[in-house]
Amino acid sequence: MMIRKDGNPFTFLIVDDSRFARSSLVKLVEQLDGEVVGEAASGAEALEKHEELDPDVVTMDLSLPDVDGIILVRKMMSVNPNTLIILSSGIPHEEVIEEALRAGGEHFISKPLDVEKASKIIEWVLRVSGK
């Protein structure tokens, strides 16, 4: 159950250039009673929607076609340092993941998406966030 302390559902922005990956994450978030407030297929679109929608959580593919994922994490954190960012990638380079986590990411989910593992990670991030 993904409900904030104020009684409202956690809000999510899903960022991935793969339509399939986005739809999988949307389904997962909805199964966990979260609210998907937006989707983005590029870094530029993600930044715009992040500023406009101010989601509690961003799930973000590190390998977007138009921007380095680490730079995108830093930009989002500069807009709202309280955003919880859960990273994903099908090409899990340890150094890149570590740098993205240092930049402000909360956790990493490898692709292809293991629904059970991803659910546990999302629930854990929300639980420890204190929101």
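The values are calculated or read from the model by the stated rules, or taken from the named source; none is laboratory data. If you're wondering where the values come from, they're calculated on a predicted model, not measured in any experiment. All Cβ positions, glycine included, derive from the backbone under ideal geometry; neighbour counts span all protein chains shown.
Go through region 61-74 and give me each residue that's in contact with a Leu (Cβ under 6 Å, 6 or more places away or on another chain) and either of a type in the set (A, V, I, L, M, F, W, C) or closer than 24 Å to residue 127 by Cα (or both). Let's see the steps before the verdict.
Filtering region 61-74 for residues in contact with a Leu (Cβ under 6 Å, 6 or more places away or on another chain) gives 62, 69.
Scanning region 61-74 gives a single hit, 62.
Here are some residues: 52, 30. Which one is under 16 Å from residue 122 (Cβ atoms), out of contact with any Phe, Trp or Tyr (no Cβ under 6 Å at 6 or more places or on another chain) and surrounded by fewer than 16 Cβ atoms within 10 Å (Cβ to Cβ)?
Only one candidate qualifies: 30.
Read through the list (1) within 18 Å of residue 9 (Cβ to Cβ); (2) crowded, with 18+ Cβ neighbours inside 10 Å; (3) in contact with a strand residue (DSSP E or B) (Cβ under 6 Å, 6 or more places away or on another chain), then give the number of the only condition that residue 35 fails.
Of everything listed in (1) within 18 Å of residue 9 (Cβ to Cβ); (2) crowded, with 18+ Cβ neighbours inside 10 Å; (3) in contact with a strand residue (DSSP E or B) (Cβ under 6 Å, 6 or more places away or on another chain), residue 35 misses just condition (2).
Looking only at region 22-41, count how many residues are part of a helix (DSSP H, G or I) and within 12 Å of the chain's Cα centre (by Cα).
Of the residues in that region, 4 qualify.
Of the conditions (1) assigned to a loop (DSSP other than H, G, I, E, B); (2) surrounded by fewer than 20 Cβ atoms within 10 Å (Cβ to Cβ); (3) of a type outside the set (Asp, Glu), residue 44 fails just one. Which one is it?
Condition not satisfied by residue 44: (1).
Is there a residue being part of a helix (DSSP H, G or I), in contact with a Ser or Thr (Cβ under 9 Å, 6 or more places away or on another chain) and at pLDDT below 95 anywhere in region 78-96?
yes
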